[in-house]
Amino acid sequence: MAKNIQSLERAAAMLRLLAGGERRLGLSDIASSLGLAKGTAHGILRTLQLEGFVEQDATSGRYQLGAELLRLGNSYLDVHELRARALVWTDDLARSSGESVHLGVLHQHGVLIVHHVFRPDDSRQVLEVGAMQPLHSTALGKVLSAFDPVAHSEVMEAERRSFTGRTVTAADEFEAMLDLIRAQGWAADAEETWEGVAAVSAPVHDRRRMPVGAVAVTGAVERVAPGGVLRPELIAAVRDCARAVSRDLGAGRF
């Protein structure tokens, strides 16, 4: 009879603990919960961290699940409530807009793409699930920075790199942009991150009315913002999609 590999069992137990507990756990918490010596727990955590399955907060030293788990495949993402609730609505948005749709969440000072619907045509496209986008220049990131206090703190404390001549980096100008986003309920990125690319995004809220992610339509700037003007029907469609996902998460009407 084959024997189980103890180190793998312990690593799996750690991942389950991090998935089911608080957002971040310290080394002592993990070791005591699993009945392990701190040195043993630290060694396993270090290995998981090197593989991307666990991440350590630089300030607190606490651990949380890593993005590599999301990159392992859609089987993991299927249990992610936000993605599960958004599947139908984002598919509909891609069909109605004719553009690609992204669903993103705050992760490690950036936006982690947890769902991506291809543009409904025969063009060659690359799945972007697991990719990271910057907070300060993308439509998804700006929406999260405007509505999520944690994202706002992170984006204001971080260096806001200029990707194109249109990227807003100055603190006062950036704050004024976030005020406008809060007032209008959506954000845009017109060649602020990538030349030739534009996007429109709106926030998704949960039953506590807290922002838990954002949805965006992304496409060529000449289609999304012809003549430098965002298409009003795209803005409305993105906001409707975000509201529908929010309602399914229990947020009620916005």
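The values are calculated or read from the model by the stated rules, or taken from the named source; none is laboratory data. Since we're looking at a predicted model, the values are computed, not measured. All Cβ positions, glycine included, derive from the backbone under ideal geometry; neighbour counts span all protein chains shown. Heads up: the accessible areas ignore ligands, DNA and RNA and are worked out on the full protein's heavy atoms, side chains in. Shrake-Rupley method; radii C 1.70, N 1.55, O 1.52, S 1.80 Å.
Efficiency by 1/(1 + (r/R0)^6): what FRET value for Ala176 and Gln108, r their Cβ-Cβ distance, R0 = 25 Å, to the nearest 0.05? If you can, show how the numbers build up before the last one.
Numbers: r = 26 Å, r/R0 = 1.05.
Efficiency computed from Cβ-Cβ geometry: 0.40.
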>> If exposed means no more than 13 neighbouring beta carbons inside 10 Å and the site is in a DSSP loop, what's the longest run of the chain without any exposed trypsin sites (Lys or Arg not before Pro)?
In response: 24-123
> Just how much of Trp186 is accessible, in Å², when a 1.4 Å probe is used and the result is rounded to the nearest 10?
Replying inline: 40 Å²
> For the pair Glu233 and Arg24, what calculated FRET efficiency results from E = 1/(1 + (r/R0)^6), where r is the Cβ-Cβ distance and R0 = 45 Å, to the nearest 0.05?
Replying inline: 0.60
>> Amide H of His205 versus every other amide H placed in the peptide plane: which residues, excluding those fewer than 5 positions away on the same chain, fall under 5 Å?
In response: Val212, Ser246
>> Mean-square fluctuation check for the chain, GNM, Cα pairs under 10 Å: which of Ala84, Ala41, Ala67 is largest?
In response: Ala41
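Could you give the length gained on full extension between Ala183 and Ser60, defined as 0.36 nm per residue of separation minus the Cα-Cα distance, in nm? Mind dumping the intermediate values first?
Numbers: separation 123, 0.36 × 123 = 44.28 nm, distance 3.39 nm.
So the chain would gain 40.9 nm between Ala183 and Ser60.
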> Excluding the sites themselves, what is the longest stretch of the chain that contains no GluC sites (Glu not before Pro) in a DSSP loop with at most 15 other C-beta atoms within 10 Å?
Replying inline: 52-158
> Taking only Cα atoms, what is the 0 to 90° angle, nearest 10, from helix 171-184's long axis to the longest principal axis of the chain?
Replying inline: 80 degrees
>> For the pair Lys38/Trp194, report the inter-label distance in nm, with labels modelled 7 Å from Cα in the Cβ direction.
In response: 4.6 nm
>> Using the crude model of +1 on Lys and Arg Cβ and -1 on Asp and Glu Cβ, and no other charge, please compute the dipole size for the chain relative to its Cα centre, in debye to 20.
In response: 820 debye
> Which value at 222 nm does the chain reach when only helices count, each DSSP H run of 4 or more adding -39,500 (n - 2.57), with the total divided by all residues and rounded to the nearest 500 deg cm²/dmol?
Replying inline: -13500 deg cm²/dmol
> Which one of Pro232, Pro149, Pro211 has the biggest mean-square fluctuation once the chain is modelled by GNM with Cα springs under 10 Å?
Replying inline: Pro232
>> Could you tell me the center-to-center distance, by alpha carbons, between the range 99-122 and the range 145-174 in angstrom?
In response: 20 Å
> Of the residues Ser32, Ser137, Ser162, which exhibits the maximal mean-square fluctuation in a Gaussian network model of the chain defined by a 10 Å Cα contact cut-off?
Replying inline: Ser32
>> Output the 0 to 90 degree angle, nearest 10, between the alpha-carbon long axis of helix 38-50 and the longest principal axis computed from the alpha carbons of the chain.
In response: 30 degrees
